[in-house]
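Q: Below are the structure tokens for one structure; questions will follow.
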Amino acid sequence: MFSLKPPKWVYVLFLMGICSIGIRVILDSRFGNSALLYVAVPFLVSILIFHLVPSPQDSSKFSRLMLHLKMATVIFLGTSAFLFEGFICVLFFIPIYYLFVIVGYTFVALADWSEQRNSQKDTLKSSMIPIFVAVLAIEGLSPSTSFERKNYVHHEVVVDLDIAKLKSNMSLPLELPKRRQWFLSIFPLPVEAQAGSLKDGDIHKLKFLYKKWFFTNTHEGEFHLKIDEVGDQHVKTSVVKNTSYLSKYLKIRGTDIEFEPLANGQTKISLTISYERLLDPAWYFAPMQEYAVQQSADYFVNSIFLRETM
């Protein structure tokens with residue numbers, strides 16, 4: 001006698017196909033950056049895994065959860081490959097993906113447990129979970145369900161250089177050190193830079209190559225920064241073109257740089273970077289992107305104004 005029950009890999013491939021189609025539909029719609037993708041999808045995937053992928057009945061709840069997360073990880077990585085997404089997208093998505101996979105697993109586990117106990121009180125508690133997830137998943141679907149996207153980061157530092165030297169350093173050819181803070185090291189550096197003089201109307205151009213799969217699946221893009229205004233103690237810039245891969249996550253608007261002369265030849269640099277968050281939910285992506293911009297401000301002050309090799 002043989003079993004007609006298909007092996008686990010058949011279920012995994014089936015779920016990969018469903019996820020790929022569902023995510024592709026969302027990405028091609030105007031809801032591609034909404035919480036619908038980052039909250040609802042992993043929650044639904046976890047429910048499908050729980051009901052479709054068999055697990056040993058005699059194993060502990062923790063063991064079943066670990067098996068569940070392993071299956072979810074395989075499905076997610078396989079789906080990202082089918083959709084030609086890169087490792088940066090994977091790193092962004094995995095934490096929130098795991099969170100709502102665990103939430104989904106908890107929901108169906110509690111539902112089964114309350115059904116066995118036949119407790120209306122426990123059933124009510126478990127039924128509140130999908131309502132909570134649904135509320136989180138609607139963020140970004142419309143202006144009324146979205147939080148403020150425009151933001152800025154302000155960075156100040158006192159340096160032992162005068163304003164003339166700082167401006168001179170800004171007009172030099174761009175050389176960004178490869179050694180960076182751990183979070184910034186995830187993102188690609190420009191492969192080519194074209195910098196003009198520090199005059200009104202000049203446009204500094206950066207070319208980026210991002211190999212989504214480390215060695216292949218390359219995305220090419222450019223970042224153009226226009227010098228809007230150069231004063232005795234300030235420089236204002238704006239981004240006039242950004243086709244780099246990261247532009248779909250974050251929209252950099254421009255910078256405002258103020259120089260304040262201090263005693264003993266020192267200068268206080270005040271760098272303000274304005275940007276717009278493009279991804280939802282805000283509770284997850286807003287602090288992540290703010291941290292990235294803060295670290296970028298410190299990196300650019302050291303590498304462009306001070307010309308440190310780090």
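The values are calculated or read from the model by the stated rules, or taken from the named source; none is laboratory data. What you see is a predicted model, and the numbers here were worked out from it, not measured in a lab. Positions of Cβ are generated from backbone atoms using ideal geometry, with glycine treated the same way; all protein chains shown enter the neighbour counts. Note: areas computed on protein heavy atoms with side chains; ligands, DNA, RNA excluded. Shrake-Rupley method; radii C 1.70, N 1.55, O 1.52, S 1.80 Å.
Q: Accessible area per residue for the range 194-300 in Å², computed with a 1.4 Å probe and the full protein assembly in place, what is it?
A: 49 Å²
Q: Another question about this same structure. Provide the solvent-accessible area of residue 138, counting protein heavy atoms only and rolling a 1.4 Å probe, rounded to the nearest 10 Å².
A: Roll a 1.4 Å probe over it and residue 138 shows about 80 Å².
Q: Under Stokes-Einstein, with the Kirkwood radius over Cα pairs standing in for Rh, what whole-number D in µm²/s applies to the chain at 25 °C and 0.890 mPa s?
A: For the chosen part, D equals 109 µm²/s.
Q: Turning to a different aspect of this structure: So how do 148-161, 64-77 stack up, highest first, on mean other-Cβ count within 10 Å?
A: In descending order of packing, they fall as 64-77, 148-161.
Q: Determine the distance separating the Cα centre of the range 144-192 from the Cα centre of the range 200-259; give it in Å without decimals.
A: Distance between centres, Cα-based: 11 Å.
Q: Using each residue's phi in the range 35-44, evaluate 6.51 cos²θ - 1.76 cosθ + 1.60 at θ = phi - 60° and report the 3J(HN,Hα) Karplus result to the nearest Hz, with x for Gly and Pro.
A: 5, 4, 6, 8, 10, 5, 4, x, 5, 5
Q: Of 283, 9, which has the most accessible area with a 1.4 Å probe, and how do the rest follow in descending order?
A: Descending accessible area places them as 9, 283.
Q: Next question. Where only protein heavy atoms count, and the probe is 1.4 Å, what is the accessible area per residue for the range 7-52 in Å²?
A: Dividing the accessible area of the range 7-52 by its residue count gives 48 Å².
Q: Would you mind putting 264-272, 252-260 in packing order, based on average other-beta-carbon counts within 10 Å, highest first?
A: Working: 264-272: 14.9, 252-260: 18.1.
Put in order of decreasing packing, that is 252-260, 264-272.
Q: How big is the charge dipole of the chain about its Cα centre, in debye rounded to the nearest 20, if each Lys and Arg gets +1 on its Cβ and each Asp and Glu gets -1 on its Cβ?
A: Dipole size: approximately 1060 debye.
Q: May I pose another question? Share of the chain's accessible area from carbon and sulfur, percent, 1.4 Å?
A: On the way: 10520 of 17050 Å².
Whole-percent figure for carbon plus sulfur exposure: 62.
Q: Right, next: Sequence-distant or interchain residues sharing an amide H contact under 5 Å with residue 211, placed H: which?
A: It is 219, by chain and number.
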